[in-house]
1. Determine, for 108, 102, the number of other Cβ atoms within 10 Å of each Cβ, and report the residues in order from fewest to most.
2. Quick one: 119, 75, fewest Cβ neighbours within 10 Å first, how do they rank?
3. Pop a pseudo-label 7 angstrom from the Cα along the beta-carbon direction at both residue 72 and residue 138 and give the gap in nm to one decimal.
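Read-outs: derived from the displayed coordinates by stated rules, not from any lab. Keep in mind that this is a model prediction, so the values were computed, not measured. We place every Cβ from the backbone using ideal geometry, glycine too, and count neighbours over all the protein chains shown.
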């Protein structure tokens, strides 16, 4: 015997007051109607929970040190803005970027790259990777 939720709960695929259910809802990932894409969502949720469980159950203990690194002002502003958007500390963000770079992996998703481009525009950062090791600090 299948357990049915109470009628007061919104059931997937059933209209509710103010709902635009007469429009077909299509998944961004597969192009299938949303109700046919639920299995894919469930797989993603299970994968995410599994990977997060691994991270929570097996934290890596490290010793952090305070550093006084000098960095280009606008670059630092973009990094701080990105850390704020991702709800992490600047140190965590920098560690992630460096660890990805050490393994030859891209540290950011395409969505994050778009967010970075917006932040670069806000803070006026025009530097490119080709500018690295060419930067000279202006005299005070």
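1. On the way: 108 15, 102 8.
Result, fewest neighbours first: 102, 108.
2. Working: 119 19, 75 14.
Final ranking by Cβ density, sparse to dense: 75, 119.
3. So the label points at residue 72 and residue 138 sit 1.4 nm apart.
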